[in-house]
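The values are calculated or read from the model by the stated rules, or taken from the named source; none is laboratory data. Just so it is clear, the model here is predicted, and its values are computed rather than measured. Note: ideal-geometry Cβ built from the backbone for every residue, glycine included; neighbour counts use all protein chains shown. With ligands, DNA and RNA removed, areas are computed over all heavy atoms of the protein, side chains included. Shrake-Rupley method; radii C 1.70, N 1.55, O 1.52, S 1.80 Å.
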Amino acid sequence: MPAIANLPAFALSGNTLHAEGVALTDIAERFGTPTWVYSRSAIESAWSEFAQATQGRRALVCFAIKANSNLAILDLLARHGAGFDIVSGGELARVLAAGGDPSKIVFSGVGKSREEMRQALAAGVRCFNVESESELVQLDAVAGSLGLTAPISLRVNPDVDAGTHPYISTGLRDNKFGIAHDRALAAYRQAAQLPNLRIEGIDCHIGSQITEVEPFLAALDRVLDLTDQLAAEGIVIRHLDLGGGLGITYRDETPPARGAMLAAIFERIDAWVVKRGLTPAEGPEVLFEFGRAMVGNAGLLLTRVEVLKRNGDRHFAVVDAAMNDLMRPAMYEAWHDIVAVAPTSAPAENYDIVGPVCESGDWLGRDRQLALAEGDLLAILSAGAYGMSMSSNYNTRTRGAEVMVDGTAVHLVREREQIADLFAGEHRLPAR
Ligand SMILES: *Cc1c(COP(=O)(O)O)cnc(C)c1O
């Protein structure tokens, strides 16, 4: 039977949807629902496309771990040599716990605390992506107090429209991220004066779920332009960190292939290097920070239909996963394909797939043609990125298990939460 479009690791076999060689019905029976199901081969094939595209080049492909920070995924990518883009001390601890190499960690984020700066300096991260002039001063002070030098790049805001949802577009002038392009030169001069900082690179990240190459190239042009301006002042840029943001196919989007996208970027950098009379070894190293494109289509959320009901003209399928598990539909009106794990030929109805949370915004999919019975299993596809990592315990709902399928083996990589865990740190008032 054919694989689901675009998702080779997930296919029907004997009329049951499988993850690699394992029936999702078996996973539901063993681990319950809702459960996040990841495919090791899907993650490895995404990784290997990036690895091939950077082979023989001075490049470091990082995984932006906020997309999915499960230790098994970090461990897998670390074994393949990935770097990691982190945005908190918590994410630093996860990378270290998973065996990641601190010298391949870049630390992004618009509001790093001094404690997080200390932790990252002590761990020996590769670079701090600094997002404001104030952060330069704070980081210099923290590094000085530890007798260390902090490697930095400045996150510049190239003012490029990534053509994506406003909530996930980050490269425009008036959002909170980065330093405006026209202030970047002055900020670099300031950084060059601070004794406990060492300028390493330039960083940008223009948004997420970008499906065209052009915004990346436009941002690159601005970064190269700034590199020239800095060189004229004697400030040497050793690496360009071009961030993440490469989109995936959720429905009918046609993002560039990973290899083609990187090839287009390298072509432009190579031309710039040649024009300046540099050898490739003298040109900048290139860093990337991909999240969604690494894991988005490598995971699904397995859920069971609890109740079918009809209100007015609308048919609802209430499932046991909800907005607290997968927040993207409620937050961004994101579209995820939803398919039956054991499809039947019964007549389909038009369903809204909703969760049990007490919010009208708690929906996972609208207007889906499905033939459903109570108790059926559904798979919410393309849920490997910004799924579990954005989940919450709203409505005191325990979060689901996470499993990683590897051929015919299934590894439990996060246990289902227990209700008692959810209020274990809370206290009643003393008697008075
Ligand atoms: C979120 C984020 C990424 C990853 O974005 P994707 O769209 O998942 O590739 C990379 N860099 C920074 C700074 C981010 O905030």
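If you take all other residues with their beta carbon under 11 Å from the beta carbon of Asp203, and give Lys and Arg +1 and Asp and Glu -1, the sum is -4. Evaluated with a Cβ-only charge set (Lys, Arg +1; Asp, Glu -1), segment 10-139 carries a dipole of roughly 300 debye about its Cα centre, given to the nearest 20. Taking all protein chains as shown and a probe of 1.4 angstrom, Val341 keeps an accessible surface of around 0 Å².
Segment 93-134 and segment 14-76 have Cα centres lying 25 Å from one another. Remark: spin-label model distance Lys309-Ala23 equals 3.2 nm, labels positioned 7 Å along the Cα→Cβ axis. What separates the Cα centres of segment 303-348 and segment 272-295 is a distance of 43 Å.
How about segment 360-432: which chymotrypsin sites (Phe, Trp or Tyr not before Pro) there lie in a loop by DSSP and see at most 15 other Cβ atoms within 10 Å?
Details: sites: Trp363, Tyr386, Tyr394, Phe423; in loops: Tyr386, Phe423.
Filter output for segment 360-432: Phe423.
The antiparallel fraction among DSSP beta bridges confined to the chain stands at about 45%. Accessible surface for segment 30-145, divided over its residues, is 35 Å² per residue with a 1.4 Å probe.
Using +1 on the beta carbon of Lys and Arg, -1 on that of Asp and Glu, and nothing else charged, what's the dipole of the chain about the Cα centre, debye to 20? Don't jump to the answer; show the numbers that get you there.
On the way: 39 positive and 54 negative charges, 149 e Å.
Roughly 720 debye, rounded to the nearest 20.
Computed about its Cα centre, the charge dipole of segment 284-417 is approximately 160 debye, with only Lys, Arg, Asp and Glu carrying charge at their Cβ. Phi-derived couplings, Karplus 6.51 cos²θ - 1.76 cosθ + 1.60 at θ = phi - 60°, listed residue by residue for segment 357-363: 6, 7, 8, 5, x, 7, 10 Hz, with x used for Gly and Pro.
Along the axis of the charge dipole computed for the chain (Cβ charges of +1 for Lys and Arg, -1 for Asp and Glu, origin at the Cα centre), the listed residues Thr149, Gly90, Ala162 are led at the positive end by Thr149. Assign one of three labels to segment 1-104, namely rounded, prolate or oblate, based on the Cα gyration tensor with a ≥ b ≥ c the square roots of its eigenvalues; rounded applies when a/c is under 1.5, prolate when it is not and a/b is larger than b/c, and oblate otherwise. Here segment 1-104 falls in the oblate category. Pairs of Cα atoms nearer than 8 Å and 6+ residues apart set the relative contact order; for the chain it is 19 percent. Within the chain, the whole DSSP H helices whose Cα atoms reach 24 Å or more along their own axis and whose mean Kyte-Doolittle score is at least -0.5 are 214-232, 258-275.
Can you send over the carbon and sulfur percentage of the accessible area for segment 22-148, probe radius 1.4 Å, protein chains only?
Working: 2210 of 4630 Å².
Solvent-exposed carbon and sulfur of segment 22-148 make up 48 percent of the total.
Between amide H atoms placed 1.01 Å from N, distances below 5 Å from Glu417 occur with Arg399, all of them 5 or more places distant or on a separate chain. Straight-line cross-link partners of Lys176 among the lysines, defined as a Cα under 24 Å from its Cα and at least 8 positions apart when in the same chain: Lys66, Lys112.
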